[in-house]
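Worksheet for the structure shown next.
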Amino acid sequence: MSKRRVQDVISPIVFEAAYSLGPHVSGEEERELPALTPVLRWKKGQKIAQKNQTVFERNCRSEDCAADLQLQGQLLLSSIDEKTPYLALGAVKNISINISISNLGDDAYDANVSFNVSRELFFINMWQKEEMGISCELLESDFLKCSVGFPFMRSKSKYEFSVIFDTSHLSGEEEVLIFIITAQSGNTERSESLHDNTLTLMVPLVHEVDTSITGIVSPTSFVYGESVAADNFIQLEDLPCHFQPLNVTLQVYNTGPSTLPGASVSISLPNRLSPGGAEMFHVQEVVVGQEKGNCSFQKNPTPCIIPQEQENIFHTIFAFFTKSGRKVLDCEKPGITCLTMHCNLSALAREESRAIDIYMLLNTEILKKDSSSVIQFMTRAKVKVDPALRVVEIANGNPEEMMVVFEALHNLEPRGYVVGWIIAISLLVGILIFLLLAVLLWKMGFFRRRYKEIIEAEKNRKENEDNWDWVQKNQ
(Lines give C-alpha, C1' and ligand atoms only; values in the text may rest on other atoms or scores of the structure.)
Protein backbone atom coordinates (compact mmCIF):
# COMPACT_ATOMS: atom_id res chain seq x y z
CA MET A 1 0.00 0.00 0.00
CA SER A 2 1.56 3.30 -1.12
CA LYS A 3 1.83 6.23 1.25
CA ARG A 4 -0.08 9.31 0.24
CA ARG A 5 -1.83 12.23 1.88
CA VAL A 6 -5.32 11.35 3.09
CA GLN A 7 -7.78 13.96 1.83
CA ASP A 8 -10.86 12.65 3.65
CA VAL A 9 -10.65 12.21 7.39
CA ILE A 10 -14.39 12.12 7.92
CA SER A 11 -15.35 8.88 6.21
CA PRO A 12 -14.05 5.65 7.76
CA ILE A 13 -11.38 3.58 6.04
CA VAL A 14 -12.96 0.52 4.46
CA PHE A 15 -11.08 -2.78 4.00
CA GLU A 16 -12.59 -5.38 1.74
CA ALA A 17 -11.38 -8.89 0.79
CA ALA A 18 -13.11 -10.70 -2.08
CA TYR A 19 -12.51 -14.36 -2.95
CA SER A 20 -13.55 -16.84 -5.64
CA LEU A 21 -12.63 -20.33 -6.98
CA GLY A 22 -9.92 -20.65 -9.52
CA PRO A 23 -10.06 -22.89 -12.61
CA HIS A 24 -10.52 -26.63 -11.72
CA VAL A 25 -8.04 -29.07 -13.35
CA SER A 26 -8.89 -32.78 -13.35
CA GLY A 27 -6.67 -35.82 -14.14
CA GLU A 28 -6.41 -37.42 -17.59
CA GLU A 29 -8.00 -40.63 -16.41
CA GLU A 30 -10.90 -41.84 -18.48
CA ARG A 31 -14.11 -41.83 -16.58
CA GLU A 32 -17.55 -42.78 -17.60
CA LEU A 33 -19.02 -39.84 -15.74
CA PRO A 34 -17.84 -36.18 -16.06
CA ALA A 35 -15.74 -34.78 -13.25
CA LEU A 36 -17.46 -32.85 -10.55
CA THR A 37 -16.95 -29.06 -10.43
CA PRO A 38 -16.55 -27.46 -6.98
CA VAL A 39 -18.88 -24.59 -6.07
CA LEU A 40 -19.02 -22.01 -3.27
CA ARG A 41 -22.09 -21.47 -1.20
CA TRP A 42 -23.33 -17.82 -1.33
CA LYS A 43 -26.59 -16.03 -1.31
CA LYS A 44 -27.74 -14.79 -4.64
CA GLY A 45 -27.35 -11.05 -5.03
CA GLN A 46 -24.55 -10.75 -2.50
CA LYS A 47 -20.89 -10.23 -3.15
CA ILE A 48 -18.48 -12.99 -2.15
CA ALA A 49 -16.33 -10.73 0.00
CA GLN A 50 -15.51 -9.84 3.54
CA LYS A 51 -15.60 -6.14 4.51
CA ASN A 52 -14.28 -4.27 7.54
CA GLN A 53 -13.88 -0.55 8.33
CA THR A 54 -11.75 1.59 10.56
CA VAL A 55 -13.30 4.80 11.90
CA PHE A 56 -11.19 7.87 12.70
CA GLU A 57 -11.27 8.65 16.37
CA ARG A 58 -12.47 12.13 17.24
CA ASN A 59 -11.85 14.17 20.31
CA CYS A 60 -15.31 15.58 20.94
CA ARG A 61 -16.67 17.42 23.92
CA SER A 62 -20.26 17.22 22.73
CA GLU A 63 -22.26 14.19 21.76
CA ASP A 64 -22.76 15.30 18.15
CA CYS A 65 -19.20 16.69 17.72
CA ALA A 66 -20.72 19.97 16.52
CA ALA A 67 -18.38 22.70 15.35
CA ASP A 68 -19.14 26.41 15.71
CA LEU A 69 -17.42 28.41 12.99
CA GLN A 70 -17.43 32.19 13.09
CA LEU A 71 -16.47 34.20 9.99
CA GLN A 72 -15.39 37.83 9.83
CA GLY A 73 -14.03 39.79 6.89
CA GLN A 74 -13.14 43.22 5.55
CA LEU A 75 -12.52 44.65 2.10
CA LEU A 76 -9.33 46.60 1.53
CA LEU A 77 -8.82 48.66 -1.64
CA SER A 78 -5.28 49.26 -2.81
CA SER A 79 -3.91 52.84 -2.67
CA ILE A 80 -7.26 54.21 -1.52
CA ASP A 81 -8.25 55.84 1.72
CA GLU A 82 -10.19 53.47 3.94
CA LYS A 83 -12.93 56.10 4.21
CA THR A 84 -13.61 55.99 0.47
CA PRO A 85 -17.09 54.44 0.16
CA TYR A 86 -16.66 53.13 -3.39
CA LEU A 87 -14.28 51.43 -5.79
CA ALA A 88 -13.12 53.77 -8.54
CA LEU A 89 -12.92 51.83 -11.79
CA GLY A 90 -9.45 52.11 -13.25
CA ALA A 91 -7.98 53.71 -10.14
CA VAL A 92 -8.00 50.55 -7.99
CA LYS A 93 -5.85 47.79 -9.48
CA ASN A 94 -6.56 45.10 -6.90
CA ILE A 95 -8.71 44.39 -3.91
CA SER A 96 -7.98 42.18 -0.94
CA ILE A 97 -10.31 40.48 1.51
CA ASN A 98 -9.02 40.06 5.02
CA ILE A 99 -10.59 36.93 6.52
CA SER A 100 -10.72 35.86 10.14
CA ILE A 101 -12.24 32.44 10.93
CA SER A 102 -12.51 30.96 14.41
CA ASN A 103 -13.94 27.72 15.81
CA LEU A 104 -15.72 27.86 19.15
CA GLY A 105 -17.03 24.28 19.00
CA ASP A 106 -15.41 20.87 18.65
CA ASP A 107 -12.57 20.19 16.27
CA ALA A 108 -13.79 20.98 12.77
CA TYR A 109 -12.69 18.47 10.16
CA ASP A 110 -12.22 19.56 6.54
CA ALA A 111 -12.88 23.22 7.42
CA ASN A 112 -12.88 25.49 4.39
CA VAL A 113 -13.81 29.02 3.30
CA SER A 114 -15.35 29.50 -0.16
CA PHE A 115 -15.65 32.74 -2.15
CA ASN A 116 -18.29 33.47 -4.78
CA VAL A 117 -17.00 36.43 -6.79
CA SER A 118 -17.58 38.24 -10.09
CA ARG A 119 -16.30 36.59 -13.26
CA GLU A 120 -14.53 39.85 -14.12
CA LEU A 121 -12.19 39.41 -11.14
CA PHE A 122 -8.99 37.43 -11.36
CA PHE A 123 -7.53 35.59 -8.37
CA ILE A 124 -3.94 36.68 -7.73
CA ASN A 125 -2.76 35.08 -4.52
CA MET A 126 -3.49 34.12 -0.94
CA TRP A 127 -1.40 35.67 1.81
CA GLN A 128 -0.99 34.57 5.43
CA LYS A 129 1.18 36.24 8.00
CA GLU A 130 2.68 32.92 9.04
CA GLU A 131 2.35 29.39 7.74
CA MET A 132 -0.89 27.96 9.17
CA GLY A 133 -1.72 25.21 6.70
CA ILE A 134 -4.05 27.26 4.52
CA SER A 135 -4.24 26.56 0.79
CA CYS A 136 -6.55 27.96 -1.90
CA GLU A 137 -7.72 26.56 -5.21
CA LEU A 138 -9.72 28.28 -7.94
CA LEU A 139 -12.35 25.68 -8.87
CA GLU A 140 -14.31 27.95 -11.24
CA SER A 141 -13.67 31.42 -12.64
CA ASP A 142 -16.06 32.77 -10.02
CA PHE A 143 -15.52 30.25 -7.21
CA LEU A 144 -12.49 30.06 -4.92
CA LYS A 145 -12.12 27.48 -2.13
CA CYS A 146 -9.57 27.70 0.69
CA SER A 147 -8.82 24.78 3.01
CA VAL A 148 -8.18 25.86 6.60
CA GLY A 149 -6.20 23.85 9.18
CA PHE A 150 -6.01 20.48 7.40
CA PRO A 151 -6.87 17.86 8.55
CA PHE A 152 -8.95 19.64 11.16
CA MET A 153 -9.35 23.03 12.74
CA ARG A 154 -8.84 22.70 16.44
CA SER A 155 -11.37 23.89 18.95
CA LYS A 156 -10.85 27.46 20.21
CA SER A 157 -8.48 28.21 17.32
CA LYS A 158 -8.42 31.21 15.02
CA TYR A 159 -6.97 31.66 11.54
CA GLU A 160 -6.36 34.86 9.61
CA PHE A 161 -5.46 35.21 5.96
CA SER A 162 -6.07 37.44 2.94
CA VAL A 163 -7.03 36.72 -0.64
CA ILE A 164 -6.15 39.22 -3.39
CA PHE A 165 -8.07 39.78 -6.64
CA ASP A 166 -7.20 41.81 -9.74
CA THR A 167 -9.82 44.49 -10.47
CA SER A 168 -8.25 46.08 -13.56
CA HIS A 169 -10.66 44.29 -15.92
CA LEU A 170 -13.90 45.42 -14.30
CA SER A 171 -16.22 46.84 -16.95
CA GLY A 172 -18.50 48.71 -14.57
CA GLU A 173 -21.68 47.14 -15.93
CA GLU A 174 -22.49 45.88 -12.45
CA GLU A 175 -23.42 48.60 -9.98
CA VAL A 176 -22.02 46.76 -6.96
CA LEU A 177 -19.15 44.33 -6.57
CA ILE A 178 -20.38 41.52 -4.29
CA PHE A 179 -18.39 38.85 -2.45
CA ILE A 180 -20.31 35.96 -0.85
CA ILE A 181 -18.05 34.16 1.61
CA THR A 182 -19.05 30.93 3.33
CA ALA A 183 -17.34 28.88 6.06
CA GLN A 184 -18.19 25.20 6.48
CA SER A 185 -16.73 21.90 7.68
CA GLY A 186 -17.45 18.20 7.68
CA ASN A 187 -18.86 18.43 11.19
CA THR A 188 -22.45 19.07 11.97
CA GLU A 189 -23.24 22.56 13.21
CA ARG A 190 -26.24 23.60 15.22
CA SER A 191 -28.78 25.79 13.40
CA GLU A 192 -28.56 28.58 15.99
CA SER A 193 -24.85 29.05 15.23
CA LEU A 194 -25.07 29.13 11.42
CA HIS A 195 -25.83 32.87 11.19
CA ASP A 196 -22.14 33.80 11.32
CA ASN A 197 -21.00 31.20 8.77
CA THR A 198 -21.86 33.39 5.78
CA LEU A 199 -20.52 36.83 5.08
CA THR A 200 -21.53 39.21 2.28
CA LEU A 201 -19.16 42.03 1.43
CA MET A 202 -19.93 44.62 -1.21
CA VAL A 203 -18.56 47.84 -2.57
CA PRO A 204 -20.19 50.20 -5.11
CA LEU A 205 -18.49 50.52 -8.49
CA VAL A 206 -18.11 54.16 -9.53
CA HIS A 207 -16.61 55.95 -12.52
CA GLU A 208 -14.26 58.51 -11.00
CA VAL A 209 -13.38 61.15 -13.57
CA ASP A 210 -11.74 64.55 -13.82
CA THR A 211 -13.42 66.43 -16.65
CA SER A 212 -12.45 69.83 -18.01
CA ILE A 213 -13.33 71.99 -20.97
CA THR A 214 -11.40 74.55 -22.99
CA GLY A 215 -12.33 76.64 -26.00
CA ILE A 216 -11.23 79.12 -28.63
CA VAL A 217 -13.12 81.41 -31.01
CA SER A 218 -12.11 82.52 -34.48
CA PRO A 219 -11.87 85.39 -35.12
CA THR A 220 -11.36 86.88 -31.67
CA SER A 221 -12.41 90.33 -32.96
CA PHE A 222 -13.73 92.00 -36.11
CA VAL A 223 -14.51 95.52 -37.32
CA TYR A 224 -17.92 96.67 -38.51
CA GLY A 225 -19.43 99.96 -39.56
CA GLU A 226 -21.00 101.80 -42.46
CA SER A 227 -17.68 102.42 -44.19
CA VAL A 228 -16.38 98.82 -43.81
CA ALA A 229 -16.16 97.05 -47.17
CA ALA A 230 -18.97 94.56 -47.79
CA ASP A 231 -16.58 91.86 -48.97
CA ASN A 232 -15.32 91.55 -45.38
CA PHE A 233 -18.62 89.85 -44.58
CA ILE A 234 -20.78 87.17 -46.17
CA GLN A 235 -24.36 87.24 -47.35
CA LEU A 236 -26.87 84.46 -47.41
CA GLU A 237 -28.82 83.81 -50.57
CA ASP A 238 -31.54 86.40 -51.25
CA LEU A 239 -30.82 88.16 -47.92
CA PRO A 240 -29.49 91.74 -47.77
CA CYS A 241 -27.83 91.40 -44.33
CA HIS A 242 -24.08 91.30 -43.89
CA PHE A 243 -22.98 88.48 -41.57
CA GLN A 244 -19.73 87.95 -39.71
CA PRO A 245 -18.80 84.20 -39.65
CA LEU A 246 -17.66 82.85 -36.27
CA ASN A 247 -16.29 79.44 -35.30
CA VAL A 248 -16.21 78.35 -31.65
CA THR A 249 -14.22 75.16 -30.93
CA LEU A 250 -14.59 73.43 -27.56
CA GLN A 251 -12.48 70.55 -26.24
CA VAL A 252 -13.82 68.27 -23.49
CA TYR A 253 -11.12 66.33 -21.63
CA ASN A 254 -11.24 63.37 -19.27
CA THR A 255 -8.02 62.91 -17.32
CA GLY A 256 -9.41 59.84 -15.57
CA PRO A 257 -8.75 57.65 -13.79
CA SER A 258 -11.99 56.00 -14.98
CA THR A 259 -13.78 56.01 -18.30
CA LEU A 260 -16.47 58.66 -18.54
CA PRO A 261 -19.62 56.75 -19.66
CA GLY A 262 -21.32 59.91 -20.87
CA ALA A 263 -21.50 63.66 -20.34
CA SER A 264 -23.48 66.71 -21.38
CA VAL A 265 -22.20 70.13 -22.36
CA SER A 266 -24.31 73.29 -22.08
CA ILE A 267 -23.27 76.31 -24.14
CA SER A 268 -24.74 79.80 -23.82
CA LEU A 269 -23.99 83.05 -25.61
CA PRO A 270 -25.81 86.41 -25.53
CA ASN A 271 -28.20 86.66 -28.45
CA ARG A 272 -29.81 90.11 -28.14
CA LEU A 273 -28.46 93.60 -27.51
CA SER A 274 -31.55 94.41 -25.47
CA PRO A 275 -34.35 92.30 -24.01
CA GLY A 276 -36.77 93.32 -26.77
CA GLY A 277 -34.25 93.36 -29.60
CA ALA A 278 -33.79 91.04 -32.54
CA GLU A 279 -31.75 87.83 -32.43
CA MET A 280 -28.21 88.40 -33.65
CA PHE A 281 -26.87 84.87 -34.16
CA HIS A 282 -27.72 82.29 -36.77
CA VAL A 283 -26.28 78.86 -35.88
CA GLN A 284 -25.51 76.93 -39.04
CA GLU A 285 -24.09 73.69 -37.63
CA VAL A 286 -22.79 72.07 -34.45
CA VAL A 287 -20.47 69.11 -35.01
CA VAL A 288 -19.20 66.64 -32.40
CA GLY A 289 -15.83 65.06 -33.16
CA GLN A 290 -15.79 61.46 -34.41
CA GLU A 291 -19.61 61.62 -34.50
CA LYS A 292 -19.63 60.47 -30.88
CA GLY A 293 -22.35 62.76 -29.67
CA ASN A 294 -25.23 64.95 -30.75
CA CYS A 295 -26.27 68.55 -30.11
CA SER A 296 -29.57 70.41 -30.09
CA PHE A 297 -30.34 74.13 -30.35
CA GLN A 298 -33.16 76.43 -31.35
CA LYS A 299 -32.72 77.78 -34.85
CA ASN A 300 -33.25 81.45 -35.66
CA PRO A 301 -36.37 81.60 -37.88
CA THR A 302 -35.50 85.08 -39.20
CA PRO A 303 -31.70 85.32 -39.40
CA CYS A 304 -31.74 88.57 -41.41
CA ILE A 305 -33.32 91.51 -39.63
CA ILE A 306 -32.39 95.12 -40.36
CA PRO A 307 -33.76 97.35 -37.59
CA GLN A 308 -35.84 100.17 -39.11
CA GLU A 309 -35.82 103.41 -37.16
CA GLN A 310 -37.21 106.79 -38.21
CA GLU A 311 -33.98 108.72 -37.95
CA ASN A 312 -33.16 112.23 -39.11
CA ILE A 313 -29.75 113.75 -39.68
CA PHE A 314 -29.62 115.23 -36.21
CA HIS A 315 -30.34 111.85 -34.60
CA THR A 316 -27.61 110.24 -36.74
CA ILE A 317 -25.07 112.87 -35.75
CA PHE A 318 -26.07 112.59 -32.10
CA ALA A 319 -25.70 108.79 -32.19
CA PHE A 320 -22.22 109.13 -33.71
CA PHE A 321 -20.97 111.54 -31.05
CA THR A 322 -22.52 109.54 -28.20
CA LYS A 323 -20.74 106.25 -28.99
CA SER A 324 -19.75 104.83 -25.60
CA GLY A 325 -16.59 102.89 -24.84
CA ARG A 326 -17.55 99.24 -24.24
CA LYS A 327 -20.64 97.08 -23.78
CA VAL A 328 -20.20 93.64 -22.18
CA LEU A 329 -22.82 90.99 -22.93
CA ASP A 330 -22.70 88.12 -20.45
CA CYS A 331 -25.38 85.50 -19.81
CA GLU A 332 -24.70 85.63 -16.09
CA LYS A 333 -25.86 89.24 -15.96
CA PRO A 334 -29.57 89.85 -15.34
CA GLY A 335 -31.70 90.95 -18.28
CA ILE A 336 -29.51 89.29 -20.94
CA THR A 337 -31.29 87.02 -23.43
CA CYS A 338 -29.09 84.10 -24.46
CA LEU A 339 -28.91 81.36 -27.06
CA THR A 340 -28.47 77.95 -25.42
CA MET A 341 -27.13 74.75 -26.97
CA HIS A 342 -26.99 71.28 -25.39
CA CYS A 343 -24.65 68.48 -26.45
CA ASN A 344 -24.68 64.87 -25.26
CA LEU A 345 -21.36 63.06 -25.53
CA SER A 346 -20.81 59.30 -25.61
CA ALA A 347 -18.19 57.45 -23.56
CA LEU A 348 -14.86 59.18 -23.12
CA ALA A 349 -11.92 57.01 -22.14
CA ARG A 350 -9.17 58.09 -19.79
CA GLU A 351 -6.83 60.75 -21.26
CA GLU A 352 -9.19 61.19 -24.21
CA SER A 353 -10.72 64.40 -25.56
CA ARG A 354 -13.75 65.24 -27.68
CA ALA A 355 -14.14 68.32 -29.90
CA ILE A 356 -17.31 70.36 -30.45
CA ASP A 357 -17.30 72.82 -33.37
CA ILE A 358 -19.95 75.54 -33.59
CA TYR A 359 -20.35 77.37 -36.91
CA MET A 360 -22.54 80.49 -36.72
CA LEU A 361 -23.18 83.90 -38.29
CA LEU A 362 -23.55 87.26 -36.53
CA ASN A 363 -25.87 89.86 -38.08
CA THR A 364 -23.81 93.08 -38.18
CA GLU A 365 -26.82 95.17 -39.21
CA ILE A 366 -28.08 94.95 -35.66
CA LEU A 367 -24.71 96.00 -34.25
CA LYS A 368 -24.69 99.20 -36.33
CA LYS A 369 -27.72 100.49 -34.44
CA ASP A 370 -26.04 100.17 -31.06
CA SER A 371 -24.43 103.14 -29.35
CA SER A 372 -21.33 101.22 -28.20
CA SER A 373 -17.99 101.44 -29.95
CA VAL A 374 -16.91 98.02 -28.62
CA ILE A 375 -19.31 95.13 -27.97
CA GLN A 376 -17.85 92.21 -26.04
CA PHE A 377 -19.53 88.77 -26.19
CA MET A 378 -18.96 86.26 -23.37
CA THR A 379 -19.58 82.67 -24.49
CA ARG A 380 -19.78 80.20 -21.61
CA ALA A 381 -19.65 76.39 -21.68
CA LYS A 382 -19.96 73.86 -18.89
CA VAL A 383 -19.54 70.09 -18.88
CA LYS A 384 -21.74 68.03 -16.57
CA VAL A 385 -21.68 64.36 -15.60
CA ASP A 386 -24.77 62.29 -14.90
CA PRO A 387 -24.87 60.90 -11.34
CA ALA A 388 -27.34 58.29 -12.56
CA LEU A 389 -24.46 56.72 -14.49
CA ARG A 390 -22.51 56.37 -11.23
CA VAL A 391 -20.03 59.10 -12.16
CA VAL A 392 -18.14 61.11 -9.54
CA GLU A 393 -15.90 64.10 -10.18
CA ILE A 394 -12.54 64.17 -8.42
CA ALA A 395 -12.52 66.78 -5.68
CA ASN A 396 -10.37 69.85 -6.41
CA GLY A 397 -9.81 68.69 -9.98
CA ASN A 398 -9.79 70.63 -13.23
CA PRO A 399 -12.51 73.26 -13.80
CA GLU A 400 -15.63 72.04 -15.59
CA GLU A 401 -16.56 75.51 -16.85
CA MET A 402 -14.88 77.92 -19.26
CA MET A 403 -15.49 81.18 -21.12
CA VAL A 404 -14.36 82.49 -24.51
CA VAL A 405 -14.56 86.16 -25.47
CA PHE A 406 -14.78 87.86 -28.86
CA GLU A 407 -15.28 91.54 -29.65
CA ALA A 408 -17.10 93.57 -32.31
CA LEU A 409 -15.28 96.88 -32.93
CA HIS A 410 -16.97 99.86 -34.57
CA ASN A 411 -14.65 101.70 -36.96
CA LEU A 412 -16.03 105.09 -35.74
CA GLU A 413 -16.14 106.53 -39.26
CA PRO A 414 -19.40 108.35 -40.11
CA ARG A 415 -21.09 108.30 -43.48
CA GLY A 416 -20.00 110.81 -46.15
CA TYR A 417 -23.06 113.01 -45.94
CA VAL A 418 -22.78 113.00 -42.15
CA VAL A 419 -19.29 114.52 -42.46
CA GLY A 420 -20.66 117.35 -44.67
CA TRP A 421 -23.45 118.02 -42.24
CA ILE A 422 -21.02 118.04 -39.32
CA ILE A 423 -18.86 120.70 -41.11
CA ALA A 424 -21.89 122.81 -42.05
CA ILE A 425 -23.37 122.63 -38.59
CA SER A 426 -19.98 123.41 -37.04
CA LEU A 427 -19.67 126.59 -39.20
CA LEU A 428 -23.21 127.62 -38.36
CA VAL A 429 -22.59 127.09 -34.65
CA GLY A 430 -19.35 129.09 -34.93
CA ILE A 431 -21.10 132.02 -36.59
CA LEU A 432 -23.87 131.94 -33.99
CA ILE A 433 -21.33 131.97 -31.19
CA PHE A 434 -19.51 134.94 -32.82
CA LEU A 435 -22.72 136.93 -33.17
CA LEU A 436 -23.65 136.10 -29.58
CA LEU A 437 -20.32 137.40 -28.34
CA ALA A 438 -20.72 140.58 -30.42
CA VAL A 439 -24.14 141.26 -28.96
CA LEU A 440 -22.85 140.69 -25.45
CA LEU A 441 -19.97 143.14 -25.99
CA TRP A 442 -22.34 145.72 -27.43
CA LYS A 443 -24.66 145.30 -24.48
CA MET A 444 -21.73 145.81 -22.17
CA GLY A 445 -20.93 149.13 -23.92
CA PHE A 446 -17.76 148.01 -25.54
CA PHE A 447 -18.69 149.71 -28.85
CA ARG A 448 -19.97 153.05 -27.34
CA ARG A 449 -17.23 155.77 -26.67
CA ARG A 450 -18.07 158.97 -24.59
CA TYR A 451 -15.86 161.46 -26.54
CA LYS A 452 -17.52 164.73 -25.37
CA GLU A 453 -17.14 163.89 -21.71
CA ILE A 454 -13.53 162.90 -22.24
CA ILE A 455 -12.69 166.18 -24.09
CA GLU A 456 -14.36 168.36 -21.41
CA ALA A 457 -12.56 166.49 -18.65
CA GLU A 458 -9.26 167.04 -20.41
CA LYS A 459 -10.01 170.77 -20.89
CA ASN A 460 -10.86 171.23 -17.22
CA ARG A 461 -7.70 169.42 -16.23
CA LYS A 462 -5.56 171.82 -18.30
CA GLU A 463 -7.33 174.91 -16.91
CA ASN A 464 -6.72 173.69 -13.41
CA GLU A 465 -3.06 173.21 -14.16
CA ASP A 466 -2.76 176.78 -15.62
CA ASN A 467 -4.43 178.33 -12.56
CA TRP A 468 -2.11 176.47 -10.27
CA ASP A 469 0.94 177.76 -12.14
CA TRP A 470 -0.25 181.46 -11.87
CA VAL A 471 -0.76 181.13 -8.11
CA GLN A 472 2.78 179.83 -7.68
CA LYS A 473 4.24 182.73 -9.67
CA ASN A 474 2.44 185.45 -7.62
CA GLN A 475 3.74 183.97 -4.43
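The values are calculated or read from the model by the stated rules, or taken from the named source; none is laboratory data. Only a predicted model underlies this, so the values are computations on that prediction, with no experimental measurement involved. Reconstructed Cβ throughout: ideal geometry from the backbone, glycine too, with neighbour counts over all protein chains shown. Quick note on the areas: whole protein, heavy atoms, side chains included, nothing else; ligands and nucleic acids left out. Shrake-Rupley method; radii C 1.70, N 1.55, O 1.52, S 1.80 Å.
What to note about this one:
- Environment charge at P270 (Cβ cut-off 11 Å; Lys +1, Arg +1, Asp -1, Glu -1): +1
- The range 69-207, dipole about Cα centre (Lys/Arg Cβ +1, Asp/Glu Cβ -1), debye to the nearest 20: 280
- Residues whose amide H comes within less than 5 Å of that of S155, counting only those at least five positions distant or on another chain, are D107, A108 (H built at 1.01 Å from N in the peptide plane).
- Taking every protein chain into account, the accessible area of the range 69-207 amounts to 51 square angstrom per residue (probe 1.4 Å).
- Total formal charge among the other residues, if their Cβ is under 15 angstrom from that of L71, Lys/Arg +1 and Asp/Glu -1: -2
- Alpha-carbon spread of the range 69-207, three principal axes, descending order, Å: 47, 31, 28
- Stretching E456 away from K368 to a fully extended chain increases their span by 24.5 nm, per 0.36 nm per residue minus the current alpha-carbon distance.
- When the surface is traced with a 1.4 Å probe over the full set of protein chains, H242 keeps roughly 40 Å² accessible.
- Cβ-defined net charge surrounding N254, 12 Å radius [Lys, Arg +1; Asp, Glu -1]: -4
- Percent carbon-and-sulfur accessible area, the range 69-207, ignoring ligands, DNA and RNA, probe 1.4 Å: 49
- Our estimate of slack between V287 and Q251, defined as 0.36 nm per intervening residue step minus the Cα-Cα distance, is 11.8 nm.
- The stretch between N52 and T220, if pulled fully straight at 0.36 nm per residue, gains 50.6 nm over its current Cα-Cα span.
- If you sort Y224, Y159, Y253 by accessible surface, 1.4 Å probe, largest first, the order is Y253, Y159, Y224.
- The heavy atoms of R272 offer some 60 square angstrom of accessible surface to a 1.4 angstrom probe.
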